[in-house]
Structure formats: C-alpha cells, structure tokens
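Any read-out appearing in this document is the output of simple, stated calculations on the displayed coordinates, not a laboratory observation. Everything quoted here is computed from the prediction, not taken from an experiment. With ideal geometry, Cβ positions are generated from the backbone for all residues, glycine too; neighbour counts draw on all protein chains shown.
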Amino acid sequence: MGYNPDKPMDGRISDLGPPHYEQFFPAVIKENKGKWLWHEILQPGVLMHKSETGAEVYTVRVGGARLVSVEFIREVCDIADKHCDGFLRFTTRNNIEFMVDSKAKVQPLLDELASRGNKFPVGGTGAGVTNIVHTQGWVHCHTPATDASGVVKAVMDELFDYFTSMTLPAQCRIALACCLNMCGAVHASDIAILGVHRKPPMIDHLRITGVCELPLAIASCPLGAVKPAKAVVDGKEIKSVQVNVERCMFCGNCYTMCPAMPLADPEGDGIAILVGGKVSNRISMPKFSKLVIPFLPNTTPRWPETVAAVKKIVEAYSKDAHKYERVGEWAERIGWEKFFEKCDIPFTMKSIDDYRLAYDTWRTSTQFKYTSHIK
Amino acid sequence: MAKHETPLLDQLESGPWPSFVTDLKRQAETKPECWDILGQLELSYEERITHWKHGGIVGVFGYGGGIVGRYSDLPKRFPGVEHFHTIRVAQPASKYYSTKNLRQLMDLWEKYGSGMTNFHGSTGDIILLGTRTENLEPFFWDLTHDMGQDLGGSGSNLRTPANCIGQSRCEWACYDTEAVCHAMTLKYQDEIHRPAFPYKFKFKFSGCPNDCVAAIARSDIAVIGTWKDQIRIDQAAVKEYIAGNYPSNGGAHSGRDWGKFDIEKEVVALCPTQCMWMEGGELKIDDTECTRCMHCINVMPRALRPGADTGATICVGAKAPILDGAQFATLIIPFMKMSADNEFEELVEFIEKIWDWWMEIGKNRERVGETMQRLGLPAFLKVMEVEPIPQHVKEPRSNPYVFWSDEEVPGGFERDVVEFRARHAA
C-alpha cells in the first residue's frame, strides 16, 4: 500500500525526524566514540585517528561536486560496500569520507578510487584548499547573479594541486554564494566568491497587483528606495511601486518579497571577491570576509577572470604568509594596503564601506576568561 | 542521445576536478529529464541569466516546510523541468550513512524525482533536486513509511539543526554534539515542520572552538564546545614534538619544508594571550589566562588535549548579510554543561526563552540577531535574565548615551517646570 490521494490523511506518519546516527557508524567508530586521543594526516586526504583502546581509524577524504546524481551516489555506495563494510560519511564541506579500520586497507581503497577516472580526487586535508562550499546558481535558484557549480568546477580545476597537497601556510577555505542572500554563508571565508547584481529592479506593473503585497515590497528595502507609486495598466490607474535608483544597493531583497521586481541581468550581474574571513577561534577571533574586488563578469563557461583572481590571491598568500597564518591574519599583519599590492588588486572606492553596522563592540567569539563575573 | 546541444557546458567536462556535467549526462541515460536540466542550464550559460521562476508554494499536507517550489520559465522548451521542486530530507547527525540507507533513498529518488541531488545543502539537509507536484505526497509516504525518515526545514521555521563530527571521530569535541543535535532535532519537530517564527532559525553544534560546522557564523544559537579546567599536557609528547619526531599540526603542513619545529616560535609566541612558556624542558601554561583558542592543541595534538571539565559556550544571533550586514553570534552564556542525563534541560530553557521573546517582538523576516541589534544587547540580556559580564563585550561602549530608567535616578523623572522656573529665570 502506498499513498492514497482520496484519503490523504489516512495512515499518515509525520514528525519522525532524522534516523538515529548511531546505526550508521562503522564498527570502529561505534566502539571508540569519545575515546579518540589524537590524529595525524598521513598524506593529503588520508587521516589516522588513534583511540585510547589502541584502535585506529583511517579516513580517506574525497572531493567532488555537491551536485551529484543517484548513479554517482550508488557508485559511492559500491566503493563503501567493497572497502568500508557499507558505511561512509560526508563532511560539512561536501567531501566524502571513506573509513577503514586498518592501515592495510588504505591502499586498496586508494587504488579503487584512482581506478575510477577523476571522479574521486583524494585530498582536502590540512594546509591546502578543501572543497568549495556553494549554493545552487542557475541550476535551481530564482535569484542568482551567477552560476555556482560551473564557477566552482572552473576554480577547482585551477586550484586542483592545492587540493591534493598541503603546501599552504594554513587551510584556505573558499566558498561561493550566487547572490547576496548567501545561502552559502560566505561571509566568513578565506576567499569568498559572491554573485552580485548591479542593476536596480524593473517593475512589472502588469503583474504586481496579483503577486505582491505592496507594503511588504516597500518595507523590504533596507534603504527606503522602494516607494508607493501609481502606474497605468490598460488605461487604468493601479497602485504599484517605484524605485529610487540612487539609493538602490542591489541586494535583491525586494525581488525576494515581490516577484514583480526582477533585477537579474546578463551585463549587470557578476561576481565580487571577498577575502580574509574565518570561522575558527584559533589565535584570532572569527573574522568577516572583506570585499577586495567589487565586480568580475559572468564569462561563461569557465569564468576566467574569477579563476585568475582567486589563483592570484592564493599564490600571493602562499608565498608571503607565515606558517599557521590564515588569509585574514596575513592581511592584517601586513596591512590591507600591502594585501592589495601583493595580490596586484586595484583598490577602488567600492572597497570603502558606506553602509551601516555598529555592533562591533559585542564579543563575537568563544574567547573569554573565567573571572569573578562568571558565576 | 543528447536532447539539447550543450557546447558551453561541454567545456566543463575537462579538467582534473569531477564534472557535474559528465555526471548529469550519465544520469540522463536513465532519467531523461536530466537532458532538460542540461538544456536549460546551457541556455543560462548562453544568456548569463537564470530561467527559474520566482517561488511557488508547494508542500505535503500538515507541513509548512521541507519542500521548495520551483518552476521553469520555459516549460514548453524544457518540459522535464517544468516543475523542479526541491525536497529537503533531514540528515542524520554528523552525516554518517549506511549504503543500505543511501541506496534505498536513491531508489526512491529515481522513482519520484529527477535523479539529481545535493550531498548536502548549505544548512545540512540532503537535497533532492527537482520533482513534480504530484510526486510530493507519494514520495513523502514512502519516505516516512518505508524508510522511517522525514523532511527537514524551510521557510520561517527552525531549520534542520547540524553538528560537527564530534566525539564519534574527533578527540577535541568537548561535548557529544551528535547527541545534542539529534535530541534537539527530535524535540523540535513541530518547529521544524510548521513555520511559526518571524523568520528562519538555526542551531549548530560544534564540539570545540575550531567550530568546524561554522556555528558562530551561521546559526541563531551556536553551541560551541569549551572547557573550564586545564589543558591536559603530556610532557613526554611535547619533547617528541621538539625533537621533530611528531609532525606539527597533525601533519597538516607536511607538504612544504617549513624548517625544524620551533616550539617557542610556533606555539609559545603565537599564543594570543601569551600564557605559555618553556621551563626546564617542559611546556607550562597559565590556564587562568587561556582563552581556549585551540592553537597549541591544534599544533601538538599528541601532547595537548582540552581539559576534562567540559561544556559549551552559547552564542546567539549569527546571520549572513541580508539585510543589515553579516553578524557573528554574540557570546551570551560563557559556559553551560551539556548533559544528556537531564535531557539538556538548561539549553532547552535557554532556547525557549529566546523563542518566546522573539516570536512576540520579532518583525517579519527579522533574524534574532537583528532583533538583538534593534533593541540592544542590554535589552536582550534582561529578557534572558542573564547578568551582564565583561565577557559579553569586546570592550565597553565608547559613547555615553545610557538609557537610564526612572527608577534608577533619585526622585525619578517627574519634575515641576513651574517650580524650576521660580528658581531659574528663562
């Protein structure tokens, strides 16, 4: 018996939540959870964790597209069935991790992965470039200012050697979000590739009455650039909105709220590059990514300007930063003026903030001391 | 046989990184709608603009989230993607899977969907990419009945919580991130599936201040592991590092010759609080000065470990820039014990106190971090009944505009201007 459209609520099950994680643990993980003592990266993409029981788990990390097919996942399952007792996991950065419980099982697994063309690149560990986290882009989203999967593919092709090696001063986290909504949350990445619009929304007066709540559209603008206005449709005056284009900062929030205000445009849209963000509390507190290149065009299918810009930043960082220094820490040590110079990026007015945000005295970190104030 | 010419996308089949185009083409052999994904995407590459329509409200009965409606704006040309709704399936904690489970889910998706997925979406769900409206209920039936699995969140509700790998395979996790994440996900199924919030709300659980799940940057409530006592030191292992017998940072830097390991330069001098020193060949730490940034532990994982009195720091209010700018989560509770014995009671109380307040006064599409900004951190701390401590700020305010209240000033605010004028001519 399956779903019965005549009685949709009959036998319905809801609110089950996700399956319990423990049933998916490989045996060595199940037996050693909470007992791990230390780890070591044996070679790029291969980690060993040592337990207090003496057990070891060897993890082989594999990069790849986030956009993957049913057939691909089945292939992943074939590998895990053959080598990993039918278990695997994914990382938060869309890598796949195959785990085995002895060193002898590592090489056969690596050989298997290598035998399958370029589908399973091993790497993404330590002081290198790991997988790029990204959003949907033109493959699924209605608000993007650029594609996601294609840009990522082009950038990773160029940075491939940094994925399979550990030669950088520290890990370099790259992220892509295809518009300012930032489903990919690229605001704290070493290098952020961000889709941006540069033309104000058009107003579709024919459709606005049917698809928009005008007060919501007006309220959606953080700069008050959307105002009530009258328009004439088929000789009749209707209530609509207008945009004060001088105030528009192209965030696209009005389009999110009102489908009759599209702003995407082949010439207007492209990519901004932000750098120096990080999430970790290591040494310095978490940092936001800062805008260093305001616009690069959407040159399909391989975005050569974006690829070149990212590579130039990675190479300048690699050459100049100290061991353990993240991109943002390096930039702060040498000073941003030196950053622009060393990366050969022209500094423009666009990198000078003229928006708002003044909460910077709040402590956005886990760094604090236990003083008498903490009860 | 390809249904559309894709000369631009074909150029993304070369190069060393795995190609999603090649993968899509392979899948198209058995799921022809993938040709229309390729065809529409190729057109976007030609025209440099998206061809997906705005929105579309679809879902399954009883849920207000978990499915994102999507329609092609060229349905006649690309009928295979006329409807292209996304299903978010709640992922298990830490994203471990059995192949049996994944194969079953893939079989379902082959039956009901496009055959394309994301492993995983940015928030953490399994994303099943592209299906038709009429498939949603049958898919949901099979997902719940045959697999015992469920949808994740979308819209103005609690989004599917996510956690780092935690104690299952990491020596640094200061609490069981999997246990808390799973417990909170189950506890708040109603909040995940039925939108009742001003806007989205996210929990993320990281086991240590390295914050591998980016909790401090991305979650409304970030639960980040930390400890209260001393970093555990194995002095014999410290000597092995100094002797060069153990690789620094767990081997993370082995691809380049950085010279001989120098503990003074690489650990002691880089400590942000300068709370370490070498004495008689031993590494000493003044733990009362330590802010637990993890650097020394990261560099010498075989010699140093987090303390044993562990819990979590709770930070609130992170978000991406839309609209007022990006925010990191602000430290609210410096240390909270995380115990499954009382079902994480303290955390639950904290979560629900925030929700009670935010659901009442949060504006439409206002993240809790923005509500905090709008009303101020002092107002938030009062609501949370948290005593202000210096740890809440990076530095004290630099302006003198204090909102004194009537009760705080002797005599109160009520005064008589006539009486004032009797003594002070205008």
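Structure above, values below:
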quantity: The stretch B:232-305: radius of gyration over Cα atoms, expressed as a fraction of 2.2 N^0.38 Å; calculated: 1.02
quantity: Partner lysines for B:Lys111 [C-alpha distance under 20 Å; skip if fewer than 8 residues away on the same chain]; calculated: B:Lys25, B:Lys31, B:Lys100
quantity: Amide H contacts under 5 Å for A:Gln242, placed H, 5+ residues apart; calculated: A:Lys227, A:Ala229
quantity: Calculated SAXS-style log₁₀ I(q)/I(0) at q = 0.07, 0.12, 0.13 Å⁻¹ - chain A, Debye, Cα scatterers; calculated: -0.43, -1.07, -1.17
quantity: Low-density loop cleavage sites - GluC sites (Glu not before Pro) in the stretch A:20-57, where at most 12 other Cβ are within 10 Å (DSSP); calculated: A:Glu52
quantity: Per-residue HN-Hα couplings for the stretch B:237-249 [Karplus 6.51, -1.76, 1.60; θ = phi - 60°; Hz; x = Gly/Pro]; calculated: 6, 4, 4, 5, 5, 4, 6, x, 7, 10, x, 5, 6
quantity: Loop trypsin sites (Lys or Arg not before Pro), the stretch B:166-275, which have at most 14 other Cβ atoms in a 10 Å radius of their Cβ (DSSP); calculated: B:Arg256, B:Lys260
quantity: Amide hydrogen neighbours beyond the local backbone of B:Arg232, cut-off 5 Å, H modeled; calculated: B:Arg305, B:Gly307
quantity: Per chain A, cysteines lacking a partner by the 4.7 Å Cβ criterion; calculated: A:Cys77, A:Cys84, A:Cys141, A:Cys172, A:Cys178, A:Cys179, A:Cys183, A:Cys221, A:Cys248, A:Cys251, A:Cys254, A:Cys343
quantity: Relative packing of B:315-324, A:247-256, which averages over residues the other C-beta atoms within 10 Å, highest first; calculated: B:315-324, A:247-256
quantity: Cα gyration tensor shape for the protein assembly as shown, rounded if a/c is under 1.5, else prolate or oblate; calculated: rounded
quantity: For the stretch B:7-146: relative contact order, % (alpha-carbon pairs under 8 angstrom, 6 or more apart); calculated: 20
quantity: The stretch B:113-159 versus the stretch A:8-53: alpha-carbon centroid distance in Å; calculated: 22
quantity: Dimensionless Rg over Rh [the stretch A:180-240; C-alpha; Kirkwood]; calculated: 1.13
quantity: Residue-averaged [θ]222 nm for chain B, counting only DSSP H segments that reach four residues, each worth -39500 (n - 2.57); calculated: -8500 deg cm²/dmol
quantity: Rounded if a/c under 1.5, otherwise prolate or oblate - chain B, Cα gyration tensor axes; calculated: oblate
quantity: Within straight-line cross-link reach of A:Lys236, lysines at Cα separation under 26 Å, skipping those fewer than 8 residues along the same chain; calculated: A:Lys227
quantity: Segment A:Ala114-A:Leu37, length gained on full extension (0.36 nm per residue, minus Cα span); calculated: 24.7 nm
quantity: The protein assembly as shown, dipole about Cα centre (Lys/Arg Cβ +1, Asp/Glu Cβ -1), debye to the nearest 20; calculated: 900
quantity: For B:Trp17, residues with placed amide H under 5 Å, excluding near neighbours; calculated: A:Asp157
quantity: Isolated Cys in chain B, by beta carbon distance under 4.7 Å; calculated: B:Cys34, B:Cys170, B:Cys174, B:Cys181, B:Cys208, B:Cys271, B:Cys275, B:Cys290, B:Cys293, B:Cys296, B:Cys315
quantity: Cβ neighbours within 10 Å from other chains - mean over A:97-104; calculated: 1
quantity: Semi-axis lengths (Å, descending) of the ellipsoid that matches the C-alpha gyration tensor of the stretch B:7-146; calculated: 25, 20, 14
quantity: Rounded to whole Hz, the Karplus (6.51, -1.76, 1.60) HN-Hα couplings of the stretch B:258-274, x for glycine and proline; calculated: 9, x, 5, 4, 10, 5, 5, 6, 8, 10, 4, 6, 8, 4, x, 10, 6
quantity: Within 10 Å of each Cβ in A:155-166, the average number of Cβ atoms from other chains; calculated: 3
quantity: Percent RCO, i.e. relative contact order, over chain B, from Cα pairs under 8 Å lying at least 6 residues apart; calculated: 11
quantity: Derived scalar couplings ³J(HN,Hα) [the stretch A:88-93; Karplus, 6.51 cos²θ - 1.76 cosθ + 1.60; whole Hz; x for Gly, Pro]; calculated: 6, 8, 10, 8, 5, 9
quantity: Trypsin sites (Lys or Arg not before Pro) restricted to the stretch A:90-181 and DSSP loop, no more than 13 other C-beta within 10 Å; calculated: A:Arg116
quantity: Per-residue [θ]222 nm for chain A (sum of -39500 (n - 2.57) over DSSP H runs n ≥ 4, rounded to 500); calculated: -7000 deg cm²/dmol
quantity: Inter-chain Cβ neighbour average for residues B:389-395, partner chain, 10 Å; calculated: 6
quantity: Cα centre as origin, Lys/Arg/Asp/Glu Cβ charges: chain B dipole, Debye; calculated: 860
quantity: Aspartates and glutamates whose Cα lies under 17 Å from that of A:Lys82, excluding same-chain neighbours fewer than 8 positions away; calculated: A:Glu71, A:Glu97, A:Asp101, A:Asp111, A:Glu112
